[in-house]
Structures are given as structure tokens and as C-alpha cells.
Amino acid sequence: GPLAVDPRSGLILGARQCPSPNCDDRPPGVAPDLVVLHGISLPPGDYGGPWIDRLFTNELPADGHPYFAEVAALRVSAHALVRRDGGVVQYVPCHRRAWHAGVSSWEGRERCNDYSIGIELEGSSEARFTDAQYLRLASLTRALCARHPLRWVAGHSDIAPGRKDDPGPLFDWSRYLSSIRDTGL
């Protein structure tokens, strides 16, 4: 069904909650006006496992896979993840700052984490995202727009060009944007 954001808690109703410690308060008076879309799979190209939750909760075993050694020490999170089957996991309440963007800028403003909501899509640059993900991402975007003064949506590659390439070349921007056209984004 449609998702909603609780105005007091910042929790996405209908999402599985997996709280991440990798967040803090936004700067005073700053409300999110940007949605940043990311792509993630752990290990790269593998789907459905527990590893994204483990990364965002600082419990990824460095020796669990050769790639994990590169990322296990990172202190990162996102507000939400849309899994391949359309399931949504929330890591950080929407009114708090998740640590998803890194060194970044949008429309001349640095530090995108301060004013954005980060949504991870389970996927890779080699695989198309699923119909279930596009439907759920549209529902999630609508819920966020109903609660926050969102004005833009961008990919991680747009806010950190040359450093990041997600959500990647196979993300169908026209499909996504047409599905949320009525939100004004």
C-alpha cells in the first residue's frame, strides 16, 4: 500500500525499521529539499542478503567478503533502502541527517547531507532496477513530498560527479520522474 511519514517521529509507516547510529541533527532551521538516489549491493552484484543493514549499523564483518574489507570501517547510512522486491527499510528518521552523500554539492550548496533525504536502491550499474522498486520509490517519494518541502531529486552521481556514479546508467530517470510528476519534483 501507500507509504506515509509520521510527522513527529520521522518514521516511514510501512517500512521495516533498522536504526543506524550514523546520523545526527540537521543544522538549525534546515529542512530537506533534495532527494538523493543511490544504488547499493553488498557484495557488489549480490542481492537480498543482510549486508546493507550490517554496513549501515557498523556491523559489517571485514573478513566476510574481500570487498567488505574496503567498506567495513565506513560510518555511513541512508534514510531508506528500497530492496529488489519493493520492501522498504528505514535507517534514519527523515528529520535527522543521514551520512549518505559524502563530499557533495547541489545548486551551489555544499554538504548535501544537511538538506537531503538519501534513498538507496538495491542494485548495481550492471542490472536494471525492478518494477517493484520503481513503484515503491514513487510511493516513498510521494510520502516524503507530503511531509517535507522537497524541490529537487538527483542521483549521487549528480551531487558528487567524478567520485560517484550511482544510481547508474540503467536507472530509468524518465520512468521515475513521470511517475512523480504531480509532486512538482
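The values are calculated or read from the model by the stated rules, or taken from the named source; none is laboratory data. If you're wondering where the values come from, they're calculated on a predicted model, not measured in any experiment. Cβ sites come from the backbone with ideal geometry, for glycine too, and all protein chains shown count toward neighbours. Keep in mind that these areas ignore ligands, DNA and RNA; they rest on the heavy atoms of the full protein, side chains included. Shrake-Rupley method; radii C 1.70, N 1.55, O 1.52, S 1.80 Å.
With the condition kept exactly as written, say whether any residue in region 87-94 is in contact (Cβ under 8 Å) with a residue 12 or more places away in the chain and open to solvent by 40 Å² or more (accessible area, probe 1.4 Å). Looking for residues that are in contact (Cβ under 8 Å) with a residue 12 or more places away in the chain and open to solvent by 40 Å² or more (accessible area, probe 1.4 Å), one finds none in region 87-94, hence no. Entry remark, region 1-17: residues being under 15 Å from the mean Cα position of the chain (by Cα) and open to solvent by 40 Å² or more (accessible area, probe 1.4 Å) number 3 in total. Checking each residue in region 163-184 for being touching a helix residue (DSSP H, G or I) at 6+ places or on another chain (Cβ under 7 Å), exposed (fewer than 15 other Cβ atoms within 10 Å of the Cβ) and assigned to a helix (DSSP H, G or I) picks out only R175. Counting only residues that are surrounded by 14 or more Cβ atoms within 10 Å (Cβ to Cβ) and more than 14 Å from C94 (Cα to Cα), region 18-37 holds 1 of them. Here P149 meets each of (1) open to solvent by 40 Å² or more (accessible area, probe 1.4 Å); (2) under 20 Å from I40 (Cβ atoms) with one exception, condition (2). Among the residues of region 133-162, those that are assigned to a loop (DSSP other than H, G, I, E, B) and farther than 23 Å from R26 by Cβ comprise P161, G162. Mind checking which residues of region 38-67 are among the hydroxyl-bearing types (S, T, Y) and open to solvent by 20 Å² or more (accessible area, probe 1.4 Å)? Answer for region 38-67, where residues must be among the hydroxyl-bearing types (S, T, Y) and open to solvent by 20 Å² or more (accessible area, probe 1.4 Å): Y47, T57, Y67. If the condition is being closer than 25 Å to A4 by Cβ, without any contact (Cβ under 8 Å) to a residue 60 or more places away in the chain and of a type outside the set (A, V, I, L, M), then region 137-171 contributes only C145. Going by what's in this entry, would E70 be described as within 21 Å of W173 (Cβ to Cβ), surrounded by fewer than 14 Cβ atoms within 10 Å (Cβ to Cβ) and out of contact with any Ser or Thr (no Cβ under 7 Å at 6 or more places or on another chain)? So E70 does not fit the description; no. Restricting attention to region 126-136, report how many residues are free of Cβ contacts under 8 Å to residues at least 60 places away in the same chain and out of contact with any strand residue (DSSP E or B) (no Cβ under 7 Å at 6 or more places or on another chain). Total meeting the criteria: 6. Is region 111-124 home to any residue that is out of contact with any strand residue (DSSP E or B) (no Cβ under 9 Å at 6 or more places or on another chain) and either in contact (Cβ under 8 Å) with a residue 40 or more places away in the chain or open to solvent by 20 Å² or more (accessible area, probe 1.4 Å) (or both)? No: region 111-124 contains no residue that is out of contact with any strand residue (DSSP E or B) (no Cβ under 9 Å at 6 or more places or on another chain) and either in contact (Cβ under 8 Å) with a residue 40 or more places away in the chain or open to solvent by 20 Å² or more (accessible area, probe 1.4 Å) (or both). For A127, the conditions (1) under 26 Å from L170 (Cα atoms); (2) buried (at least 20 other Cβ atoms within 10 Å of the Cβ) all hold with the exception of (2).
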